[in-house]
Protein chains: 2
Amino acid sequence: MAELVTNPTPEQEMLNWGRLLLDGIPYADLVAARDRSGDVSWFDHWMATADRYEQLADAALLAGHRRTAAELLLTGSLAAQYGQFLWFDERRQRGQERKAELYRRAAPLLDPPAERFDLPIDDTSIPGYIRVPRGAESPQPCVVLLGGLESTKEESFRFEELLLERGMAIATFDGPGQGEMFPETPLRGDYERYTSKVVDALVADPRIDSTRIAVLGRSLGGYYALRSASLDPRFVACVSWGGFVDMDGWDTETPMTKASWQYVSAMKTMDEAREFVCKNLDSRPVLHQLKVPTYVLHGSLDEIPDSEIDVLVEHAVNAQLEIDIEPEGDHCCHNLGPEPRLRMADWLADRLGTTC
Amino acid sequence: MAELVTNPTPEQEMLNWGRLLLDGIPYADLVAARDRSGDVSWFDHWMATADRYEQLADAALLAGHRRTAAELLLTGSLAAQYGQFLWFDERRQRGQERKAELYRRAAPLLDPPAERFDLPIDDTSIPGYIRVPRGAESPQPCVVLLGGLESTKEESFRFEELLLERGMAIATFDGPGQGEMFPETPLRGDYERYTSKVVDALVADPRIDSTRIAVLGRSLGGYYALRSASLDPRFVACVSWGGFVDMDGWDTETPMTKASWQYVSAMKTMDEAREFVCKNLDSRPVLHQLKVPTYVLHGSLDEIPDSEIDVLVEHAVNAQLEIDIEPEGDHCCHNLGPEPRLRMADWLADRLGTTC
């Protein structure tokens, strides 16, 4: 039933409808984008969609409908995200900025709100958000959510809801190569430094239980999650959702994935990008330091091969690994519906001792 | 962009993906149903899907994951609903029973729970559920939700969430011709008697503010909502979501819609069904009694023609009508994404005086 498309066009790669729908893009918008007039580009179509959502949100705010405004601004933010996805020219940055702007407007209207933080690091800062379940009296456990190669802190809303309703706070941020951080700070090998800065802020927050902080990352974020949990002992649990541990599979990646690597690493040529990425993204040397319960969700139809799981098992010799391989799952198992996401949320709830 | 399909096959009619997705069927399940093996019927496929969700839910319950179990049982219930939709033989009843059974298991696990009621009427009873927002101290406003020609009390969950998070309680039930009531009580002309029995129970419930009760119905339920609000002065607001006021358009309805009418009215022949339905479903004589704010959402691509709105305006001369016609909307505007649903939820919140 599930198909592995070989040599997909950018739009085919883009159109992982399972991903877009589960993250919150309405089906009606996907159909409209697919069936758009031939003289409107994918980018222009989605940016206009984002504008329309913002106008509807403004009208909702005027009418006092904050909850609806939040929903519409979130959807507009996602529209801008998926508009820029296919491009590696100035449109990319425009789309990213629009996404961040619309989410930032939604943030205070969300329930619970997403509270903005900007944490100083080196000569720049880490932008992010924290959301804490309402009505909680004692300090709450927290899950730090990591974006990936082209996903950012604005795209995890639906998954955040699963964690929040199970009694966990969440923190999201953009690290090197991601979203608002990218212009000043392209991809680096030490993403875990940024994760740890966020943990510094969380342990200083009286609403958060510093003994119950977990990390979850999706796609490249799964790589970062494994690395962050290996190198920061304050994490008590880790989830790698469609992640990996090294870039030995570079050659089998799709052209668009490779173009994304070149873009986020700000390398002039693809050869330089390849060398930089393969050298700087390799967690094998640190995985023996991973000592916490770690859940790994992987789909066998992913362009990331099953063999990456073998490499993880080989090196993470001190971790309590739970490996969950879905034979029919694509990248991050986006084609399998909400059930694997519920599984990850429950696994985290069990590890962090919340009831649900 | 939107297309009006003429003479659709049953499966084409069925596959209003906008409806199914917005009501909670995962996209992955729709794709799997579409791409199922040729030797598995639509019915058998979805009933197996329902079984799979129940098994996953049982496993979740064993692990203490009540919230996930609720979600999985709900999804299984919807799978059974959409499995039976295409059939008018014994499968229909099997699917309906399975849907009701799975929802009934989900009900106490929902947040807030769906509390079952069975209200005596004549020599039978009206089965339904009430959900009241958590943590509310004073009596809450309530919206009574009415199903339609083949939709029942189990299918409004996603829409209920919109109302609950805006501070409104909800009540759902099966009336004549619907779900659990159908075997004993086929379609009748006095659905409003059943609605009023539910209102009797609501006004006796100390958690409900008897001065703030509204009614919303979808499709045929929109017809029932207009009629119920005309004949029961305890309703203070009304929403007709893709409804109508008479059956003068019988001839232009699709074959499957006509077959549905014959089934729910338990008539032996289509001629009898036509006569019974056209005679018993006509609210023109009572619409002058509609005196409350009434919101009407209609899509011009619906098989229910725009002219039904003209008939409503002509007869509901004492109501405060807000007519919202979407030129590109299909039946119930299911093809337009979540935005029209947010609009209806906010309209009700404004009428019932809740903040959101």
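The values are calculated or read from the model by the stated rules, or taken from the named source; none is laboratory data. Predicted model only: the values in this text are computed from it and were never measured. Positions of Cβ are generated from backbone atoms using ideal geometry, with glycine treated the same way; all protein chains shown enter the neighbour counts.
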Identify all residues within the range B:197-233 that are touching a helix residue (DSSP H, G or I) at 6+ places or on another chain (Cβ under 7 Å) and surrounded by fewer than 17 Cβ atoms within 10 Å (Cβ to Cβ); write none if there are none. B:S210
Over the range A:201-246, the set of residues hydroxyl-bearing (S, T, Y) and on the phi < 0 side of the Ramachandran plot is A:S210, A:T211, A:Y223, A:Y224, A:S228, A:S230, A:S240
Exactly one condition in (1) of a type outside the set (S, T, N, Q); (2) free of Cβ contacts under 8 Å to residues at least 60 places away in the same chain; (3) in a helix (DSSP H, G or I) is not met by A:E308; state its number. (2)
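Matching residues to (1) in contact (Cβ under 8 Å) with a residue 12 or more places away in the chain; (2) in contact with a Ser or Thr (Cβ under 9 Å, 6 or more places away or on another chain):
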residue	(1), (2)
B:L110	yes, no
B:P120	no, no
B:G128	yes, yes
B:P139	yes, yes
B:L149	yes, yes
B:M168	yes, yes
B:D174	yes, yes
B:Y191	yes, yes
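On the basis of being within 19 Å of the chain's Cα centre (by Cα), surrounded by fewer than 16 Cβ atoms within 10 Å (Cβ to Cβ), touching a residue at least 24 places away in the same chain (Cβ under 8 Å) and closer than 26 Å to B:R94 by Cβ, does B:R158 make the cut?
On the way: within 19 Å of the chain's Cα centre (by Cα): yes; surrounded by fewer than 16 Cβ atoms within 10 Å (Cβ to Cβ): yes; touching a residue at least 24 places away in the same chain (Cβ under 8 Å): yes; closer than 26 Å to B:R94 by Cβ: yes.
Yes, satisfied.
Residues in the range A:133-155: is at least one closer than 15 Å to A:R341 by Cβ and assigned to a strand (DSSP E or B)? Can you show your working first?
Looking only at the range A:133-155, we keep the residues that are closer than 15 Å to A:R341 by Cβ, and these are A:143, A:145, A:151, A:155.
Pick out the ones that are also assigned to a strand (DSSP E or B) and you get A:143, A:145.
The answer is yes; a qualifying residue exists.
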Within the range A:282-300, track down each residue that is farther than 20 Å from A:E150 by Cα and touching a Gly at 6+ places or on another chain (Cβ under 8 Å). A:V296, A:S300
One residue is enough: does the range A:320-332 have a residue meeting the conditions within 29 Å of A:L20 (Cα to Cα), buried (at least 22 other Cβ atoms within 10 Å of the Cβ), aliphatic (A, V, I, L, M) and at pLDDT 95 or above? no
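Test B:T68 against the criterion of being assigned by TED's automatic domain parsing to the domain that holds B:R36, over 30 Å from B:Q262 (Cα atoms) and among the hydroxyl-bearing types (S, T, Y), and give yes or no. Spell out how you get there, then give the answer.
On the way: assigned by TED's automatic domain parsing to the domain that holds B:R36: yes; over 30 Å from B:Q262 (Cα atoms): yes; among the hydroxyl-bearing types (S, T, Y): yes.
Yes, satisfied.
If the requirement is being in a loop (DSSP other than H, G, I, E, B), of a type in the set (K, R) and either farther than 22 Å from B:H334 by Cβ or within 14 Å of chain A (Cβ to nearest Cβ) (or both), which of these qualifies: B:R193, B:R166, B:R212, B:R227? Even if it seems obvious, please write down each step before you answer.
Values: B:R193 fails: in a loop (DSSP other than H, G, I, E, B); B:R212 fails: in a loop (DSSP other than H, G, I, E, B); B:R227 fails: in a loop (DSSP other than H, G, I, E, B).
Selected residue: B:R166, the only one of B:R193, B:R166, B:R212, B:R227 that is in a loop (DSSP other than H, G, I, E, B), of a type in the set (K, R) and either farther than 22 Å from B:H334 by Cβ or within 14 Å of chain A (Cβ to nearest Cβ) (or both).
Could you pull out the residue among B:L62, B:L78, B:L86 that is at negative phi and without any contact (Cβ under 8 Å) to a residue 40 or more places away in the chain? First the steps, then the outcome.
Working: B:L78 fails: without any contact (Cβ under 8 Å) to a residue 40 or more places away in the chain; B:L86 fails: without any contact (Cβ under 8 Å) to a residue 40 or more places away in the chain.
Going through B:L62, B:L78, B:L86 in turn, just one is at negative phi and without any contact (Cβ under 8 Å) to a residue 40 or more places away in the chain: B:L62.
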Restricting to the range A:71-91, count the residues that are more than 14 Å from every other protein chain (Cβ to nearest Cβ) and buried (at least 20 other Cβ atoms within 10 Å of the Cβ). 8
Every residue from the range B:311-332 that is closer than 16 Å to B:L226 by Cα and outside any strand (DSSP E or B): B:V311, B:L312, B:V313, B:E314, B:H315, B:A316, B:V317, B:N318, B:A319, B:C332
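Determine, yes or no, whether B:K99 is outside any helix (DSSP H, G or I) and surrounded by 16 or more Cβ atoms within 10 Å (Cβ to Cβ). Can you show your working first?
Working: outside any helix (DSSP H, G or I): no; surrounded by 16 or more Cβ atoms within 10 Å (Cβ to Cβ): yes.
Taking the combined requirement at face value, the residue does not satisfy it.
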Could you say whether any residue in the range B:319-326 is closer than 30 Å to B:L15 by Cα, in contact (Cβ under 8 Å) with a residue 60 or more places away in the chain and within 14 Å of chain A (Cβ to nearest Cβ)? no
For the subset of the range B:92-115 comprising residues that are of a type in the set (K, R) and over 13 Å from B:E150 (Cβ atoms), which member is nearest to the other protein chains (Cβ to nearest Cβ)? B:R105
When residues of the range A:161-190 are limited to those that are under 14 Å from A:L110 (Cα atoms) and charged (D, E, K, R), the one surrounded by the fewest Cβ atoms within 10 Å (Cβ to Cβ): A:E165
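Listed here are the residues, each with its yes/no results for (1) within 7 Å of chain B (Cβ to nearest Cβ); (2) among the aromatic types (F, W, Y); (3) part of a helix (DSSP H, G or I).
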{"site": "A:L21", "(1), (2), (3)": "yes, no, yes"}
{"site": "A:I25", "(1), (2), (3)": "no, no, no"}
{"site": "A:L30", "(1), (2), (3)": "no, no, yes"}
{"site": "A:D39", "(1), (2), (3)": "no, no, no"}
{"site": "A:F43", "(1), (2), (3)": "no, yes, yes"}
{"site": "A:M47", "(1), (2), (3)": "no, no, yes"}
{"site": "A:Q55", "(1), (2), (3)": "no, no, yes"}
{"site": "A:A59", "(1), (2), (3)": "no, no, yes"}
{"site": "A:A69", "(1), (2), (3)": "no, no, yes"}
Only one of (1) surrounded by 22 or more Cβ atoms within 10 Å (Cβ to Cβ); (2) of a type in the set (D, E, K, R); (3) within 14 Å of another protein chain (Cβ to nearest Cβ) does not apply to A:R131, and that is (3)
Tell me which residues, restricted to the range A:31-49, are surrounded by fewer than 19 Cβ atoms within 10 Å (Cβ to Cβ) and farther than 17 Å from A:L102 by Cβ. A:V31, A:R34, A:D35, A:R36, A:S37, A:G38, A:D39, A:V40, A:S41
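Run down B:E155, B:E161, B:E180 and say which single residue is in the same structural domain as B:E272 (by TED's automatic domain parsing), of a type in the set (D, E), within 24 Å of B:P113 (Cα to Cα) and in contact with a Leu (Cβ under 7 Å, 6 or more places away or on another chain). Step through it out loud before you land on a result.
Details: B:E161 fails: in contact with a Leu (Cβ under 7 Å, 6 or more places away or on another chain); B:E180 fails: in contact with a Leu (Cβ under 7 Å, 6 or more places away or on another chain).
The unique qualifying residue is B:E155.
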Check off (1) away from chain A (no Cβ under 14 Å); (2) in contact with a helix residue (DSSP H, G or I) (Cβ under 6 Å, 6 or more places away or on another chain); (3) not in a loop (DSSP other than H, G, I, E, B) for B:N335 and give me the number that stays unchecked. (1)
Checking B:D118 against (1) part of a loop (DSSP other than H, G, I, E, B); (2) touching a Pro at 6+ places or on another chain (Cβ under 6 Å), which single condition isn't satisfied? (1)
Here are A:K279, A:K268, A:K258: which of them is touching a Gly at 6+ places or on another chain (Cβ under 9 Å), basic (K, R) and either without any contact (Cβ under 8 Å) to a residue 40 or more places away in the chain or not in a loop (DSSP other than H, G, I, E, B) (or both)? A:K279
Test A:T211 against the stated conditions and say whether it is more than 18 Å from the chain's Cα centre (by Cα) and of a type in the set (S, T, Y). yes
